[in-house]
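Just below is one structure, and these are the notes that go with it.
Each reported figure results from applying straightforward, stated rules to the coordinates on display, with no laboratory input. Model, not experiment: these values are computed from the prediction. Methodologically, a virtual Cβ is constructed for each residue, glycine included, from the backbone with ideal geometry; neighbour enumeration extends over all protein chains shown.
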Number of protein chains: 6
Amino acid sequence: MGIHRYFKSLSDLENLFRCPGKFKYQDHSVAAHSFKVTKIAQFLGTVEQMEGETVDWKILYEKALNHDYAELFTGDIKTPVKYASSELKGLFSQVEQQLTQKFIREEFPTEFREVYIERFKEGKDDTLEGKILSVADKIDLLYESFGEIQKGNPEPLFLEIYEEALMTIILFKEMKSVQYFLNDILPDLLQEKFIPHDQLSQMTQNILSQKDEQGQ
Amino acid sequence: MGIHRYFKSLSDLENLFRCPGKFKYQDHSVAAHSFKVTKIAQFLGTVEQMEGETVDWKILYEKALNHDYAELFTGDIKTPVKYASSELKGLFSQVEQQLTQKFIREEFPTEFREVYIERFKEGKDDTLEGKILSVADKIDLLYESFGEIQKGNPEPLFLEIYEEALMTIILFKEMKSVQYFLNDILPDLLQEKFIPHDQLSQMTQNILSQKDEQGQ
Amino acid sequence: MGIHRYFKSLSDLENLFRCPGKFKYQDHSVAAHSFKVTKIAQFLGTVEQMEGETVDWKILYEKALNHDYAELFTGDIKTPVKYASSELKGLFSQVEQQLTQKFIREEFPTEFREVYIERFKEGKDDTLEGKILSVADKIDLLYESFGEIQKGNPEPLFLEIYEEALMTIILFKEMKSVQYFLNDILPDLLQEKFIPHDQLSQMTQNILSQKDEQGQ
Amino acid sequence: MGIHRYFKSLSDLENLFRCPGKFKYQDHSVAAHSFKVTKIAQFLGTVEQMEGETVDWKILYEKALNHDYAELFTGDIKTPVKYASSELKGLFSQVEQQLTQKFIREEFPTEFREVYIERFKEGKDDTLEGKILSVADKIDLLYESFGEIQKGNPEPLFLEIYEEALMTIILFKEMKSVQYFLNDILPDLLQEKFIPHDQLSQMTQNILSQKDEQGQ
Amino acid sequence: MGIHRYFKSLSDLENLFRCPGKFKYQDHSVAAHSFKVTKIAQFLGTVEQMEGETVDWKILYEKALNHDYAELFTGDIKTPVKYASSELKGLFSQVEQQLTQKFIREEFPTEFREVYIERFKEGKDDTLEGKILSVADKIDLLYESFGEIQKGNPEPLFLEIYEEALMTIILFKEMKSVQYFLNDILPDLLQEKFIPHDQLSQMTQNILSQKDEQGQ
Amino acid sequence: MGIHRYFKSLSDLENLFRCPGKFKYQDHSVAAHSFKVTKIAQFLGTVEQMEGETVDWKILYEKALNHDYAELFTGDIKTPVKYASSELKGLFSQVEQQLTQKFIREEFPTEFREVYIERFKEGKDDTLEGKILSVADKIDLLYESFGEIQKGNPEPLFLEIYEEALMTIILFKEMKSVQYFLNDILPDLLQEKFIPHDQLSQMTQNILSQKDEQGQ
C-alpha cells in the first residue's frame, strides 16, 4: 500500500497505447494524450475567460489530468463493446468506479482518499469545466486521426474517428472556445499540405538554375 | 463486405498486443500467441493420441487457431473487469458473441456463415479438444511470463500470471498430456539459468590460460 | 534436450522478421506469418470442400503451421542467393533438412521423432493440401506487399513481390479456391482506397454546413 | 501562424525522448514526463495544503505543465554542456527565452501573447509553487532512473542520476511534502524487489506439492 | 579510465538519433550516419583522384569517421540554438572542444592522447579532405530528408532540410566530385517514383489477362 | 543504373539487423556495426604503428568499411548453415562474389568498376590490415554479446558468441594490438559491474544520513 504505488502507476500509463489493433504510423500513450488534453483545455479555458466566463482552473486541470486514469484498471475496451447495450454500459461504468475506489482504498492513506475519489470521478459533466474537457478530449483525438490521414494511413477507421470527433465538438458549438476552434484553428489544419513530389523537383531545378546564374 | 476484409483483419491481430499497460521486455501479438498455442496444442494432442486417446484434429486446430479472434472486436479487457461481477461477465460474453456474429453476417457470403459461426465460438469446452486448448493457452501464457521473469522484469504481476497459469494447468492434471508437461517439460524450464557474471569472468580466465599454455 | 527447448524455440520465430534489409512501415514475424497462412489455408480448404473436394484437414493444418519452421535453423536467405545456381539450391535444401533432423534428434525424445520429421518436411507437394499451402503462402505475401504499397512505400521491391506472388497464385488457377480468390477477393483488395486529402476537406465542410442549418 | 501550429507542436513533444545517447529499457517522452510531473505536483500540493499552506493551484498547474516546453526549440542539451561555464549558461538561458518569445510572436494572435509569455517562463522560482515544481521534476527523474536500475541497466549513469535527483530533493527538506516523500514514499520504493529466480522454483514446488496432496 | 570506455562509447552513438522531436518514418543513429558519410566520402574521393587530385586517404577517413563523435558529450542541439548568436556559437564550440579534450585526458593513456586530440578536431576545413567531408555530410542529410519526403512525411521541415543541404552542396560546385553528384547522381534521385495505386491495378489486370489467354 | 542506387543501398544496411531470430535488449544494424569495426580497426592500427609496424591506412579503412557490404545481397545466413559442409561453403562464397559483381556491373559506370570490385572483395586475408580487420570484427562482436550478458539476457547463445569471439581474437595473439586488447582493455570490460540493488539502498541511506547531520 502506498503513494509509491500510485506514483509508479503513472508510468504504466506510458505503456498503455490508444487505439490498439490497428496499424498506426505514430503511437500515442495514455500519458501523452492526458498531457495534450490538459494543454488544450488550458487554451480553451483561456478563451472562455477572455470572453467573460468564469473558469474554475483548479477543477479544470484536475478533470483534464485525470480523465483517463481509470483505463489503468479496465484496459482499452473498444467503443462498440461499451455501447453495445445500455445495460452493459451501465454495468461497465459501475465496475470502472468500483475498481478505481478499490485502488484508492488499497493504496491511499485515509487522509487522501476523499480528495482522490473526487479527482478520479468521471469529469465530463455539464459544468463549464466538464464541457471544456469533453471538447479538449475530442480535439486531441481529431489531431491524432488527422496525423494518420495526413501521413497516408489507408485505414478508413481514422476518417471515421476524425468525423466522429468533429461531430462531437460541434455539439458544443454554443461555447466561445469551440467557435474559436472552428473558425480560427480548424481552417489552418485543413490548409496543411502533403509535400508534393512535383514541388521537390521544381524546387531542386530552381536552386540549381539560380546557382548557375550566380556562378557565371 | 467480403472475405477480403476477413483476410485483412488477420493483420490487425499483429497489431494487438497482449498485457497492455505494463512494461515488458518482449511484446507478444495476438497473432503470434495464436500460432504458438496451436503448435503447443499440436504437441499435446500428439501425446494424448500416443496414450490411446482419440483426437479430432480438425476440431482441435480450429479451436486453437481461432480462440482469440474475437479480441478483434472487443479489444483487450483486463481480467479483473471481466470477472468483477458474474452479471457483467455474462453480459460481456453475450456482447462478444453478438459482435462476432455481426461481423460474420456483414463480411461472409451466406454459404460460409454457418461454418464460421461454429469456428468462432468459445472453444474451451469439456471435450478433449476443448481441454487441450485450455491447457495450451495457459502453457503459452506461462512461457510468456517466465520470459519476463527470466529477463529480470521487476513487475510482480508476471509472477502472479505465472502462478495463475500453472494453477490452471494443474486443474487438468488427470490428462496424460498435462502429466507429460509437468513431469518432462516444466523441470527443464526451471533448470534455465541466468547467465551469471562470475561465470563470464571464469570462462574468460579459462580461455586465456589455456591459450597461454598452448602458446608456450 | 527436451520439448522445453522446442516450446521455447516458438518464441524465436517472433524475433525473426520477414524481408530484412528493406524499410517497411509494418514488420511481420515468421510466427505471425505462419498464423495468417494457416488461417488462409483454412478458408481455401473450406472452399475446396464445398466444391466437392476431399480435404485432409490434419495434413493441411500440419503443413501450414510448420511450413517455415526450418528458418529457425537457416535464418533468412535471400531468394536470389538460394536460386543463384541449381547446384546451390540442391545443396541448400539438403543442409536445411540435415539441420532440422539434427534438432529433432537432439531435442525430441525417441517416441516423437518420426512424427516430427514428417511434420517438418517440405510441405509444398502436389497433393491438394500441398497446393493449398503454396497458394496460402503467396496470398499472405501478396497482402504483406500490398500493405506496404498502400501505405506509400516507395521501394519498387514491394511491387515486384506483389507481382511475383500473384503470378504464382495464377499457376494454380485450375483450383476452385484460387478461382474464388481471383474472382471474389482480389477485386475487393484492388478497390481499397487511399484516404484522399480532398475527401477530408469535403467531409469537414459537409459536417460544418449541416450543423449550421440545424443550428438555425 | 496560428494556434493550430501550437496544438500540433504538442505532438512533437511525444517525439522528444529524454536522456538520449544511452541504452534504456524504457524510453520516456517529454510529453509523458510533463504529465507525470504535473500529477506528482498535484499530490505534493495536496500535502502542503493539508498541512496548512496556501497553494495557488492555477499557478502550480501552469508551471508543471509547461516546464519543459522550451525543449521544443532548443532540443536536448546535455547538462555538462549547459553548465560548463556560467557564461555559457547565461547565454543559453537568454537564447532559450528568445526562441520561445519568437515562437509566441509568430504563432499566437496578439490577445494571447502576454498570457503565454508568462506561462512559458522558467517556473522554478522561490514561491511554494516553484519549489513544488523543482521537487516534482526530480521525483519523476528519480523514478525514471530507479526504473532502469531495477530492470538491470548496467550503465552507472543511472545511479548518478538517481543520486543527483535525491540530493536535490533533500535541498527542499524543510517542505512538508518533501518530508512526506522521504518518510512515506521513498522507503516503499526501496522495498521493491527483483523477482528472484529461486523464489520462482520455490513457488512452483509449493504449487505442485499442494496440488499433489489435494489430488490424493 | 581506459580504451574500454572509448570502445563502449561507440555503442552510445547507436542510441543517439538524429533530428529528435519530429515524427520520422525512419530513424537514423549517429553511428549509422557516420558510416554512410564515410562511404560517401570514399566515393567522392575516388572521383577527385580520377580527375587528377591528390587525396590524403588516411586524413579523409579520419575526418569522416570522427566528424560527429563530439555529439556524445554535447547531445543534439538544434541548429537555430547554435546559431542564434555568433557569441553563443563561439562559446559552444569552445565548450565542445573542452569536453572532448576532457574525455581524452580521462580515458586515453598518455601515448594516444595527441593522436586522438587531432582526430577529434573539427574536420570541415579548407583542405580537399575537409571539403569532401562537408559535401558528404550534406549528401547523407539530403538522402535522409528525401527518404522522409518520398515516404510521405507531411512535416515541412524535411523539405527545408533538403533545400538547405542542396544549397550547401552547391557552394562547393567547383569540385569535380560535386559536379559528378549534381550531374550524374541527383537526376536519378529525382527520377524516383512513388508507387502509384493506378499502376498496381493496371499491372494486376495485365497479369490476369495474359494468364487468361495462355489458359485458353 | 547508377551511383544513386549505391548511395541508397547504404540505408538498407540500417535495416539489416545482426543475429536475427533471438531476443535481444539492443539491436545492432550492419551499418552501425561497420562503423564500430572501422573505429576499432583505427585504434588497433594505431597501436601497431606505434610498435613499429607499417600500416597501409587506405587499405585498412577500405577493408573495415566494406567488410559486410555483401550481406545486402545475401541476407543473414546463420553460421551453422554456411559451414555445414565445406562444399556448401565454397559454393556460397562463389555465389556471394557473383552477386556482388553483378551489382557492380549493373550499377557502377565502367570507370569505377575495377576499384569497387577490389573494395568489395573478402578483406580478411593474411596481410597486417586483413588481420586487424579479423580482430576488430570479433572485438565488436564480443562487445555486442557482452552487452546482452550484462543486461541480463538469459539466452546461452550470447555466452557462446562471446566465447567464440574471444577464442578467435586469441588466435592472433602474436599481434601487438591483440596483446594490448587482452592486457589493457579486456580486464576493464570484466571489471564492469551490474548495479546491485543493495548498493542503491546503501547509497540512499548515506545521502539521507549525511543530509540529516547537515540539517542539524
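Could you list, bin by bin from short to long, the percent of Cα-Cα pairs of the protein assembly as shown in 20 Å steps?
9, 37, 40, 13, 0
Counting only other chains, what is the mean number of Cβ atoms within 10 angstrom of the Cβ of each residue in peptide B:91-97?
If you average over the peptide's residues, the count of other-chain Cβ atoms is 4.
Once the other residues with Cβ under 13 Å from the Cβ of residue B:24 are scored (Lys, Arg +1; Asp, Glu -1), what is the net sum?
Taking every other residue near residue B:24 into account, the sum is -3.
Can you order the peptides F:133-139, C:185-191 by their average number of other Cβ atoms within 10 Å per residue, highest first?
Highest to lowest by the protection proxy: F:133-139, C:185-191.
Between F:63, F:89, F:124, where does the largest GNM mean-square fluctuation fall for chain F, given springs only between Cα atoms within less than 10 Å?
It is F:89.
Using only Cα atoms, find the angle between the long axis of helix B:157-171 and the longest principal axis of chain B, and express it within 0 to 90 degrees, rounded to the nearest 10.
For B:157-171 against chain B, the angle is about 70 degrees.
In peptide C:22-28, how many Cβ atoms from other protein chains are near each Cβ within 10 Å, on average?
Partner Cβ neighbours, averaged per residue: 5.
Tell me the Rg and the Dmax, in Å, that the Cα atoms of the stretch C:92-153 produce.
In order Rg, Dmax, the Cα atoms of the stretch C:92-153 give 16.6, 51 Å.
Quick one: compute the contact order of chain A, relative version, from alpha carbon pairs under 8 angstrom and 6+ residues apart, as a percent.
Once normalised by length, the contact order is 23 percent.
Enumerate the calculated ³J(HN,Hα) couplings along the stretch E:129-135 in order (Karplus 6.51 cos²θ - 1.76 cosθ + 1.60, θ = phi - 60°), each rounded to whole Hz, writing x wherever the residue is Gly or Pro.
For the stretch E:129-135, the Karplus-derived couplings read 5, x, 6, 4, 4, 3, 5 Hz, x marking Gly and Pro.
Shielding of D:179-192 by partners, i.e. mean partner chain Cβ atoms within 10 Å per residue?
That average works out to 4.
I'd like the distance separating the alpha-carbon centroids of the stretch A:56-130 and the stretch C:1-38, in whole Å.
Computed from Cα coordinates, the inter-centre distance equals 39 Å.
Based on the Kirkwood radius over alpha-carbon pairs, what value in µm²/s does the Stokes-Einstein equation return for the translational diffusion coefficient of the stretch A:46-156 at 20 °C and 1.002 mPa s?
Rounded to a whole number, D works out at 131 µm²/s.
Helix F:86-107 against the longest principal axis of chain F: what's the angle in degrees, Cα atoms only, rounded to the nearest 10?
Roughly 70 degrees, rounded to the nearest 10.
Size of the dipole of the stretch E:3-215 about the Cα centre, Lys and Arg at +1 and Asp and Glu at -1 on the beta carbon, nothing else charged, in debye to 20?
Roughly 460 debye, rounded to the nearest 20.
From the Cα trace of chain C, what convex hull volume per residue do you get, rounded to a whole Å³?
180 Å³
Using a 7 Å offset from Cα along the direction of the beta-carbon, what are the separations from residue A:184 to the same position in each other copy, nm, ascending?
For residue A:184, the inter-copy label distances come out at 4.3, 5.7, 5.7, 6.6, 7.4 nm.
Ranking E:13, C:99 by Cβ neighbours within 10 Å, fewest first, what do you get?
Going from least to most buried by this count: C:99, E:13.
Take the alpha carbon atoms of the stretch C:132-158, find their center, do the same for the stretch B:136-177, and report the distance between the two centers in whole angstrom.
For the stretch C:132-158 versus the stretch B:136-177, the Cα centre distance is 36 Å.
Regarding the stretch F:13-67, what are the three Cα extents along the principal axes, ordered largest first, in Å?
Rounded to whole Å, the extents work out to 43, 19, 12 Å.
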